[in-house]
Amino acid sequence: MFASNRGLCSAAGTAVVLLMTCAVSAQDRGDEGSAVRELTRQNAELREEIDILKSRVSVLEARDSIASAQHHTSEPASAGPSRTIPPASGESQTGERVAPDTANSIPVSDPGTHSMDIPGGPTLKIRGFLDFNFGSGPAANPLIYPLFPLTTPPTPVHSTFQLGEFDLFLSSRLSKTVNFLSEVVFGSDATNNWGIDVERAQLSYKPNEYFEVSAGRMHTAIGYYSTAYHHGTWFQTATGRPFMYFFEDSGGILPVHEVGISATGRVPKSGKLNLRWLAEVNNGLASNGGAAGNNPVQNFLSDRNHKAFNFAGSVKPDWVPGLQIGGNYYHDIREPQGLAHVDNTITGLYVVYITPVWEFLNELQVQRDHAEGSNVTYNTPLGYTQISHKFGRYRPYFRWQEVNVPNGDPLYGSVGRYEGPSPGLRIDFTDFAAFKIQYNRLYTRTSTPQNGMDGQVAFTF
């Protein structure tokens, strides 16, 4: 039995060697970029096959253990008919391949117990992230818009230690083409109360590199930063997100999260341009949510029949490694209670250049809000530019950021203007933990400039 198990693993290993040899030959004959992508895809498939074989080996070994235990039991053979241990999933008693029968492959538990073990089933992987901060000054907070002067009346700001986001990233591969991922975040806010948010929970089907469809709660593909950096601050160079991409429940005005369906893929025959397309349809943000409203992301019930949609595309040329250029167009119709409907569109463009040493991020979004029956259209520019350079474990950086909402905007007129510079330094004191220190100078429309200093330790575990 164990010789047969070793044979399965040996066969899988031989297949890996043969496939890598074929892939290298193909690379010599054809386009190098295509060969590398094909090799990556085939290696992923082989890893999945190996995982399945290992699961079958575990089931077979468990079956042998149960059979051995029953063989050595003290009960006499005449006590009742012997129990035949079912074969491993996908294998008949004659050794032939048959359709999987999960129910027959699970060892029988004692009456009254319930087991979550699924031999050969998917494995849940968990990765954790956490950040711990110390802020001084009204413009120090890395997670939400500065408390002063956003709240009415203004919230007094004092030097404080802050426990940031406790982020659990969960992922599971259900098959070669179906994957699940989720982010569950534990965090506090200005009320000092703890809350739990399921920030992402999506099921994806990807039969090939040209098409992938996902459903659930996701990050909307508006710009670059929103989908490149999620809730683990350890990934980000700076202590926090640019103002324009703050989350909806933290003072942000863009629809960073969505509940709906998203489809994306590589454009066929785009070659070394590496063109990608994306289309999304979702509930949109709540019509009465506003910048500081309750539950702006419509997770369960939508307040209107109209659905928001978003189109995006990007190019990542092989001849300039690290360069990516993209754009997006988002449209929604908001229906504030008792007010005119508001036509809401967001158009954006980004140019980013990222290498192991250099980081140069540039984004601009323009949000256009027009109330039905009005002669005025309000245009809100949102943008940032960020540059950094790595010197060993040290990465100094500089960011300029802006959100400038016109007075009278039918959706976000109370937000006003936030802009200013944010220089900082990141020190990776281990491979999986970083210390960051950042100074913020904040200019608003209604008050004198604000200052803040934020220190942060961010890590993954």
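Within region 435-451, identify whether any single residue is among the hydroxyl-bearing types (Ser, Thr, Tyr), farther than 24 Å from His158 by Cβ, at pLDDT 90 or above and out of contact with any Cys (no Cβ under 8 Å at 6 or more places or on another chain), and answer yes or no. Steps first, please.
Here is the first cut: in region 435-451, the ones among the hydroxyl-bearing types (Ser, Thr, Tyr) are 439, 443-444, 446-448.
Next, only the ones that are farther than 24 Å from His158 by Cβ stay: none.
Within region 435-451, none of the residues are among the hydroxyl-bearing types (Ser, Thr, Tyr), farther than 24 Å from His158 by Cβ, at pLDDT 90 or above and out of contact with any Cys (no Cβ under 8 Å at 6 or more places or on another chain).
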>> Out of the residues in region 438-461 meeting the condition of being free of Cβ contacts under 8 Å to residues at least 60 places away in the same chain and in a strand (DSSP E or B), tell me which one is farthest from Phe243 (Cα to Cα).
In response: Tyr439
> Got a number for residues in region 314-335 being farther than 21 Å from Ile222 by Cβ and either outside the structural domain of Tyr350 (by TED's automatic domain parsing) or in contact with a Pro (Cβ under 7 Å, 6 or more places away or on another chain) (or both)?
Replying inline: 0
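Would you be able to tell me the number of residues in region 319-351 that are touching a residue at least 60 places away in the same chain (Cβ under 8 Å) and over 21 Å from the mean Cα position of the chain (by Cα)?
The initial filter retains those residues of region 319-351 that are touching a residue at least 60 places away in the same chain (Cβ under 8 Å), namely 324, 326, 328, 330, 332, 334, 336, 339-340, 342, 344, 346, 348, 350.
The next check asks that each one be over 21 Å from the mean Cα position of the chain (by Cα); those that pass are 332, 334, 336, 339-340, 342, 344, 346.
Within region 319-351, residues that are touching a residue at least 60 places away in the same chain (Cβ under 8 Å) and over 21 Å from the mean Cα position of the chain (by Cα) number 8.
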> Yes or no: Lys307 crowded, with 17+ Cβ neighbours inside 10 Å and either in contact with a strand residue (DSSP E or B) (Cβ under 7 Å, 6 or more places away or on another chain) or assigned by TED's automatic domain parsing to the domain that holds His389 (or both)?
Replying inline: no
> Got at least one residue in region 352-367 being more than 30 Å from Lys272 (Cα to Cα), surrounded by 17 or more Cβ atoms within 10 Å (Cβ to Cβ) and either under 21 Å from the mean Cα position of the chain (by Cα) or of a type outside the set (Gly, Ala, Ser) (or both)?
Replying inline: yes
>> out of contact with any Gly (no Cβ under 7 Å at 6 or more places or on another chain), closer than 30 Å to Ser374 by Cα and polar (S, T, N, Q): is that true of Ser414 in this structure?
In response: yes
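Considering only residues that are outside any strand (DSSP E or B) and among the basic types (Lys, Arg), look in region 386-404 and name the one that is nearest to Thr237 (Cα to Cα). Working first, answer last.
Just the residues of region 386-404 that are outside any strand (DSSP E or B), to begin with: 390, 392-393.
Add one more test, that the residue is among the basic types (Lys, Arg), and what stays is 390, 393.
Working: Lys390: 10, Arg393: 12 Å.
Among those residues, the one meeting the criterion is Lys390.
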> Ile118 fails exactly one of the following numbered conditions: (1) in the same structural domain as Asp454 (by TED's automatic domain parsing); (2) at pLDDT 60 or above. What is the number of that condition?
Replying inline: (1)
>> If a residue must be within 24 Å of Leu273 (Cα to Cα) and among the small types (Gly, Ala, Ser), how many such residues does region 317-351 contain?
In response: 4
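Do you know which residues across region 125-141 are outside any strand (DSSP E or B) and among the polar types (S, T, N, Q)?
Looking only at region 125-141, we keep the residues that are outside any strand (DSSP E or B), and these are 137-141.
Matches in region 125-141: Asn141 only.
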> So which residues in region 405-437 are exposed (fewer than 15 other Cβ atoms within 10 Å of the Cβ), in a loop (DSSP other than H, G, I, E, B) and aromatic (Phe, Trp, Tyr)?
Replying inline: Phe432
>> Looking only at residues that are among the charged types (D, E, K, R) and touching a Gly at 6+ places or on another chain (Cβ under 8 Å) in region 321-343, which one is surrounded by the most Cβ atoms within 10 Å (Cβ to Cβ)?
In response: Arg334
> Which ones in region 172-200 are farther than 20 Å from Glu248 by Cα and exposed (fewer than 15 other Cβ atoms within 10 Å of the Cβ)?
Replying inline: Leu174, Ser175, Lys176, Thr177, Val178
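Pick from Thr460, Thr385, Thr446: which is closer than 29 Å to Leu163 by Cα, in contact with a Gly (Cβ under 7 Å, 6 or more places away or on another chain) and either among the hydroxyl-bearing types (Ser, Thr, Tyr) or not assigned by TED's automatic domain parsing to the domain that holds Gly135 (or both)? Walk me through it before giving the result.
Numbers: Thr385 fails: in contact with a Gly (Cβ under 7 Å, 6 or more places away or on another chain); Thr446 fails: closer than 29 Å to Leu163 by Cα.
The match here is Thr460.
The values are calculated or read from the model by the stated rules, or taken from the named source; none is laboratory data. Remember, it's a predicted structure, so these values are computed and weren't measured experimentally. Cβ: placed from backbone, ideal geometry, glycine included. Neighbour counts: every protein chain shown.
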